[in-house]
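Okay, so here's the structure we're looking at.
The values are calculated or read from the model by the stated rules, or taken from the named source; none is laboratory data. Here the structure is a predicted model, which means the values were calculated and not measured. Because the Cβ atoms are built from the backbone with ideal geometry, glycine has one as well, and the counts that use them run over all protein chains shown.
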């Protein structure tokens, strides 16, 4: 059974790590979580990023956050990637599979997955 | 919405936007019905706003002209023979007791009833997005009883570990899932 005592053990283990991490993250993954995003499937997309970042050991450099509606509801689920010194990348009509690919190729590999961006969606 | 837990997530996001610091989500099920309530201590709505929230053409946002959260919830409830009740006290009129309560009732035996779905994901999503807000969750059915109070977790974790650390989110998900597996006798 999970207990609060177990949580206390996690706390002891994490204490030093969290302090070290403050101010070191530089990539932000922002997932739209308004009614339009949620209805289009943003919840599993968000979870895929949260779990993927943790699994790949990227917690020190990448944060995953949520935002409201950014006004392009027809393209939801929408995910924006912010990296210092680079232009914002907007991915549209995201799925769990696409999130995994973005994490691997863009966040880890540094190469934008052009086919999922809003620019390609508008061309199609 | 494909599952009711997505409506819960969507409605609770309104409480987040209303600057609540405590959001209570209670789900009660009988054999025939499912009722959920979301209660917050956010800034609340004036009677004028409250009168308009059920119409799709009311929204507080500036990025688009329609707000569909409450109308979608009403549709989901009413198509099963259920209903939605919203009460609210705005902070201007009720400086010490403001907040909003949304109650939605569904009839499970109706063919148009949408299942609750992945409520654990809804909770971890809310906590991940708003780690400084407290959430009190309870889900009582004829054979299970599941509870979570982030204030208890915060007491154990102290100030330095935020609730949205991946390891904590995972613990919360497992903690809830275990309770769902543990049936009442």
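Please specify each residue of region A:35-67 satisfying the condition of being within 19 Å of residue B:10 (Cα to Cα), out of contact with any strand residue (DSSP E or B) (no Cβ under 7 Å at 6 or more places or on another chain) and within 7 Å of another protein chain (Cβ to nearest Cβ).
A:35, A:38, A:39, A:43, A:47
Kindly state which helices (runs of 4 or more DSSP H) lie completely within region B:109-185 and contain at least 3 residues that are over 17 Å from residue B:34 (Cα atoms) and either away from chain A (no Cβ under 12 Å) or under 17 Å from the mean Cα position of the chain (by Cα) (or both).
Helices (runs of 4 or more DSSP H) meeting the threshold: B:119-129, B:166-181.
Please enumerate the residues belonging to region A:1-47 that are in a loop (DSSP other than H, G, I, E, B) and at pLDDT 95 or above.
A:33, A:41, listed by residue number.
In region A:49-83, which residues are in a helix (DSSP H, G or I), over 8 Å from the mean Cα position of the chain (by Cα) and closer than 17 Å to residue A:107 by Cβ? Quick ask: steps written out before the conclusion?
The first filter runs over region A:49-83 and keeps only residues in a helix (DSSP H, G or I), leaving A:49-55, A:73-75.
Those still in the list that are over 8 Å from the mean Cα position of the chain (by Cα) too: A:51-52, A:54-55, A:73-75.
Those that are in a helix (DSSP H, G or I), over 8 Å from the mean Cα position of the chain (by Cα) and closer than 17 Å to residue A:107 by Cβ: A:51, A:52, A:54, A:55.
Give region B:11-24 a look and list any residue that's out of contact with any helix residue (DSSP H, G or I) (no Cβ under 7 Å at 6 or more places or on another chain) and crowded, with 20+ Cβ neighbours inside 10 Å, or say none.
B:13, B:15, B:18, B:20, B:24
Which count do you get for residues in region B:133-185 that are touching a residue at least 40 places away in the same chain (Cβ under 8 Å) and closer than 24 Å to residue A:62 by Cβ?
Qualifying residue count for the region: 4.
Any idea which of (1) within 17 Å of residue B:87 (Cα to Cα); (2) at pLDDT 90 or above; (3) buried (at least 17 other Cβ atoms within 10 Å of the Cβ) is the one residue B:27 doesn't satisfy?
Of the numbered conditions (1) within 17 Å of residue B:87 (Cα to Cα); (2) at pLDDT 90 or above; (3) buried (at least 17 other Cβ atoms within 10 Å of the Cβ), the odd one out for residue B:27 is (1).
Is one or more of the residues making up region A:21-33 within 8 Å of chain B (Cβ to nearest Cβ) and buried (at least 20 other Cβ atoms within 10 Å of the Cβ)?
Looking for residues that are within 8 Å of chain B (Cβ to nearest Cβ) and buried (at least 20 other Cβ atoms within 10 Å of the Cβ), one finds at least one in region A:21-33, hence yes.
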